[in-house]
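Any read-out appearing in this document is the output of simple, stated calculations on the displayed coordinates, not a laboratory observation. Every value quoted in this text rests on a predicted model; they were computed, and no experiment measured them. A quick note on method: Cβ atoms are made from the backbone with ideal geometry, for glycine too, and the neighbour counts reach across all protein chains shown.
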Amino acid sequence: MGNKTPITVAHGDGIGPEIMDATLKIIQAAGAQIEIEQIEVGEKVYLRGISAGIEPSAWESLRRTKVFLKAPITTPQGGGYKSLNVTTRTTFGLYANIRPCVSYYPFVDTKHPKMNVVIVRENEEDTYTGIEYRQTQDMMECLKLISRPGSEKIVRYAFEYARSNNRKKVTCFVKDNIMKQTDGLFHTVFDEIAKEYPDIENESWIVDIGSAKLADTPEAFDVIVMPNLYGDILSDVAAQIAGSVGLAGSANIGEQCAMFEAIHGSAPRRAGQNVANPSGLLLAAVMLLVHINQPDVATKVHNAWLRTMEDGVHTYDIFAEGVSKQKVGTREFADAVIARLGQEPQTLSPVHYSSAPQQVTEKTVRPQRPKANKELVGVDVFLDWTAGTADQLGELLSTLNHDGLELTLISNRGARVWPNGQPETFTTDHWRSRFLSQTPITHAQITALLQKVSEQGLDFIKTENLYNFDGKAGYSSVSGA
Ligand code: NAD
């Protein structure tokens, strides 16, 4: 073996130190060539008054090694503490969250004995950018942002993951029948990139019926790629129905750095008793070994672990009379896995890792693409207004038409209320008025319009410019329109 790869390790809180010791012992016994840099994160750091739960010096280690094996941490009760995961994800641009959800039937009980799904969740965009506003007495807003490079990175990663893990199909979950611009872009990018991987089957589902199918027939899926919010929810659903939440690991992959962890928490009530199951962290460490290009060690560890599960050597959390043979503690479980290094499972399918997925870089997601011709053709002016009916507002705003920029409609919560609104439509204090022009306009026309809106005593709370891109509307039409 060549040089050792430095990795940053945090032992975390609660059961963290025990499951980390067990994990490191197993992978080192399997021949992992790693050099451990230990850092402290979590409760003690938070309680020292560091709101991110990680010391600045620990960042240096992560910058150096670019690989992070993290045990679960306890977030202290009370406000003011920032999530360490969110901080790490945003600081290092960890754009992909990978969560294999596998059932180990008949050794771990599940309704879905054949399930073997990997959820690839976009990790930086969507409604998770934290851009939210209160706009009126009654209305809150959260911005959903989906970018082309963000979508290209995650979709390409999903196909690269499928290819390097010998998986046959990548499925995309979106809601682009409703969110035609944002989810529509994600879907378009999926279709474009799928063409570059003719060896891998591809398909798309609307997220609602796709989720129903996933919950009912998970064996119909292989790799599923999705935007952040759907991925957040469905990766938990998938792990749960596989019957193995306590056994699942996850990887957070970025261009700069990658972080590997179990999906469960620090289980403080179980801490220090040598009872916790180290499997989730161990399977995360297996993904780490593939990532640092030690696929043979990863294969050896994973197969020995599968064999241990098969042999009925189980920790308390999965111990079941009739199936399990021996109830063991954390350390004994680690020793049982070590004793099986070199063996393969006999009922469950053995795994074989060959290479890490090709890294997706800034370059691969920014190929030369002709720049679209962008024309400003109008503006949506959002108003906080409670002084009357939709028709009255329409009448008032129509008086502001000027220079070709004309009020074309008003909507409330997306439903058209002017012109020709329906009397049944419920309205709030949050109105959108759309001013459009037949020909391109300038910013000056918009500011002149806003000046007039303001002079009418109307409170405009925000505006959205309306652009055409290569002659195609870059904004949604309005329901009821
Ligand atoms: P938890 O996952 O720690 O525990 C849920 C249940 O599962 C408990 O009954 C626990 O005993 C059991 N359990 C979890 N992991 C186990 C294991 N490896 N072996 C055996 N049993 C296990 O969730 P929680 O109780 O909601 O949270 C406890 C703490 O963990 C909180 O402070 C929370 O903020 C933190 N947490 C951290 C992370 C992380 O660091 N990534 C994730 C989730 C929760």
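Figure the gain on full extension for Val237 and Arg331 (residue separation times 0.36 nm, minus the Cα-Cα span) and round it to one decimal in nm.
Full-extension gain reported as 30.9 nm.
Using R₀ = 25 Å, calculate the FRET efficiency as 1/(1 + (r/R₀)^6) where r is the Cβ-Cβ separation of Thr347 and Lys111; round to 0.05.
0.85
Sort the following peptides by mean Cβ neighbour count (other Cβ atoms within 10 Å, averaged over residues), highest first: 247-256, 269-278.
247-256, 269-278
Note down the nm distance, to one decimal, between modelled labels 7 Å out along Cα→Cβ at Thr87 and at Thr129.
The modelled label-to-label distance comes out at 2.3 nm.
Return, ordered by residue number, the residues of segment 462-478 whose backbone nitrogen is under 19 Å from a label point located 7 Å along Cα→Cβ of Arg369.
467-476
For Arg307, Arg167, what ranking results if the residue with the fewest other Cβ atoms within 10 Å of its Cβ goes first?
Fewest to most other Cβ atoms nearby, the residues stand as Arg167, Arg307.
Along each of its three principal axes, how wide is the spread of alpha-carbon positions in the chain, in whole angstrom units, largest first?
83, 53, 45
Counting Lys +1, Arg +1, Asp -1, Glu -1, what net charge surrounds Leu458 among other residues with beta carbon under 10 Å of its beta carbon?
Neighbour charge sum, excluding Leu458 itself: -2.
Remind me, relative contact order of segment 374-473 in percent, using alpha carbon pairs under 8 angstrom and six or more residues apart? Show your work: numbers first, answer last.
Values: 177 pairs, mean separation 47.2, N = 100.
Across segment 374-473, relative contact order equals 47 percent.
Which whole-number percent gives the relative contact order of the chain, counting Cα pairs below 8 Å spaced six or more residues apart?
With pairs under 8 Å counted, the relative contact order is 16 percent.
If each residue of separation counts as 0.36 nm, what is the full-extension length gain between Ser164 and Glu464 once their alpha-carbon separation is subtracted?
103.7 nm
Per 0.36 nm of contour for each residue apart, how much would the distance between Lys213 and Gln38 grow if the chain were fully extended, relative to their Cα-Cα spacing? Provide the component values of the computation, followed by the final result.
Values: separation 175, 0.36 × 175 = 63.00 nm, distance 4.28 nm.
My answer for the length gained is 58.7 nm.
If each of Glu424 and His402 carries a label point 7 Å out from its Cα toward its Cβ, how far apart are those two points in nm?
The two pseudo-label positions are separated by 4.0 nm.
Can you tell me, using C-alpha contacts under 8 Å and at least 6 residues apart, the relative contact order of segment 111-242 as a whole percent?
40
So if we plug the beta-carbon distance of Ala220 and Gln137 into 1/(1 + (r/R0)^6) with R0 = 51 Å, what FRET efficiency do we get, rounded to 0.05?
Once the sixth-power term is evaluated, E becomes 0.65.
Which of the peptides 439-452, 108-121 is most tightly packed, and how do the rest follow, going by the mean number of other Cβ atoms within 10 Å of each residue? Don't skip to the end; give the middle numbers.
On the way: 439-452: 14.6, 108-121: 19.9.
So the order, starting with the most tightly packed, is 108-121, 439-452.
Once you put a point 7 Å from the Cα of Val245 and another 7 Å from the Cα of Ala271, both along the Cβ direction, what distance in nm separates them?
That separation, rounded to one decimal, is 2.0 nm.
In nm², what is the average projected area of the convex hull enclosing the Cα atoms of segment 62-144?
Numbers: hull surface 39.0 nm².
Mean shadow area of the hull around the Cα atoms is 9.7 nm².
Just from its helices, what would the mean residue ellipticity at 222 nm be for the chain, if runs of 4 or more DSSP H residues each count -39500 (n - 2.57) and the sum is divided by every residue, rounded to the nearest 500 deg cm²/dmol?
-10000 deg cm²/dmol
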